[in-house]
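**Q** For reference, the structure I am asking about is given below.
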Amino acid sequence: MSYIGAKPAEQILSSADIQDGSIATADLADASITQAKLASGVAGSGPAFAAYSSSGGSLASATQTLVPYNNKTGSTAPAFDTAGCYNNTGSTATLNGISTPAYSFAPNVAGYYLISANVGVYYPSSGTYVYTAFQKNGSTVYFNAVGGGNGSSVELSPTGSVLVYMNGTSDTFAIKVYTNASSTNIDTGQSTTFSGFLARAA
Amino acid sequence: MNLFEKIMALYPELTDADFNPFRNGTILLQNDSDGTGDYIAKWEHPTLPRPTEQELA
């Protein structure tokens with residue numbers, strides 16, 4: 001029904017009175033959309049990335065090394081960067097206004113991120129171990145370790161994930177690897193991957 | 001010889017535990033994968049002094 005001027009207060013507004021596509025963001029109160037009102041198949045659209053190492057490199061014993069996940073566009077393993085928040089280079093870059101160290105993720109949306117990574121190391125000798133450190137702003141927030149190498153054919157690939165809050169303005173995240181074995185190398189491709197996505201907004 | 005090997009040659013009494021950053025090691029060697037190589041990020045050993053550049057050359 002059309003009205004001249006404002007709708008009379010006693011008239012109940014129906015969907016027929018609302019022009020298709022006319023509800024704008026400004027018309028919605030903050031936090032007014034509930035989970036029940038979302039259609040099936042609707043997912044968030046926060047930053048998400050996946051990268052892998054196509055460069056690898058030697059790994060010195062007893063030396064905590066930043067893992068060079070340098071490929072975010074290839075096809076060997078999942079590789080993408082939906083919001084340009086991952087620095088896949090060996091030097092600091094400014095992404096979305098955030099100073100982002102080498103091989104680091106710097107999401108520009110505040111929230112809780114699920115970060116996952118694995119690091120393939122070949123071939124650590126028997127009795128040695130490989131650690132990976134998940135670091136937020138240079139400090140370890142999660143680490144894991146594996147052992148069981150044989151020095152010739154067994155690659156160790158610590159794998160893990162962590163759910164972490166990132167502030168969307170300055171926080172960055174990177175992965176480091178450490179081993180007490182000598183003469184080892186970081187593998188490339190599917191055994192050395194790094195990914196993350198916004199699991200829940202702040 | 002890499003940095004770790006040079007340090008071990010200088011101080012053979014050092015062990016894995018001295019370097020392990022996940023087990024409160026007092027020495028942290030680091031490589032930032034930026035082409036500049038390994039370096040000593042932290043040296044807090046209670047008795048052994050940090051090697052000089054000459055000793056590591």
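**Q** Any chance you could count how many residues in the stretch A:61-80 are small (Gly, Ala, Ser) and in contact (Cβ under 8 Å) with a residue 40 or more places away in the chain?
**A** Number of matching residues: 3.
Residue-by-condition table, conditions (1) of a type in the set (S, T, N, Q); (2) at pLDDT 90 or above:
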site: A:Tyr3; (1), (2): no, no
site: A:Asp20; (1), (2): no, no
site: A:Ile23; (1), (2): no, no
site: A:Leu38; (1), (2): no, no
site: A:Phe49; (1), (2): no, yes
site: A:Ser53; (1), (2): yes, yes
site: A:Thr65; (1), (2): yes, yes
site: A:Phe80; (1), (2): no, yes
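**Q** Taking the condition at pLDDT 95 or above and surrounded by fewer than 13 Cβ atoms within 10 Å (Cβ to Cβ), does B:Pro51 pass?
**A** no
**Q** A follow-up question, please. Residues in the stretch A:1-24 that are more than 33 Å from the chain's Cα centre (by Cα), surrounded by 10 or more Cβ atoms within 10 Å (Cβ to Cβ) and in a loop (DSSP other than H, G, I, E, B): how many?
**A** Residues in the stretch A:1-24 being more than 33 Å from the chain's Cα centre (by Cα), surrounded by 10 or more Cβ atoms within 10 Å (Cβ to Cβ) and in a loop (DSSP other than H, G, I, E, B): 3 in total.
**Q** When you scan the stretch A:75-91, do you find a residue that is surrounded by fewer than 10 Cβ atoms within 10 Å (Cβ to Cβ) and within 29 Å of A:Glu155 (Cβ to Cβ), even just one?
**A** Scanning the stretch A:75-91 turns up at least one residue that is surrounded by fewer than 10 Cβ atoms within 10 Å (Cβ to Cβ) and within 29 Å of A:Glu155 (Cβ to Cβ).
**Q** Return yes or no: is A:Thr92 of a type in the set (Val, Ile, Thr) and either under 26 Å from A:Asn180 (Cα atoms) or away from chain B (no Cβ under 14 Å) (or both)?
**A** Judged against the criteria, A:Thr92 is not a match.
**Q** I've got another one for you. Which helices (runs of 4 or more DSSP H) does chain B wholly contain that include 1 or more residues that are touching a helix residue (DSSP H, G or I) at 6+ places or on another chain (Cβ under 8 Å) and away from every other protein chain (no Cβ under 12 Å)?
**A** Per the criteria, B:3-10, B:53-56.
**Q** How many residues does the stretch B:12-44 hold that are surrounded by 15 or more Cβ atoms within 10 Å (Cβ to Cβ) and touching an Asp or Glu at 6+ places or on another chain (Cβ under 9 Å)?
**A** 7
The values are calculated or read from the model by the stated rules, or taken from the named source; none is laboratory data. All values reported here derive from a predicted model rather than from experimental measurement. Cβ sites come from the backbone with ideal geometry, for glycine too, and all protein chains shown count toward neighbours.
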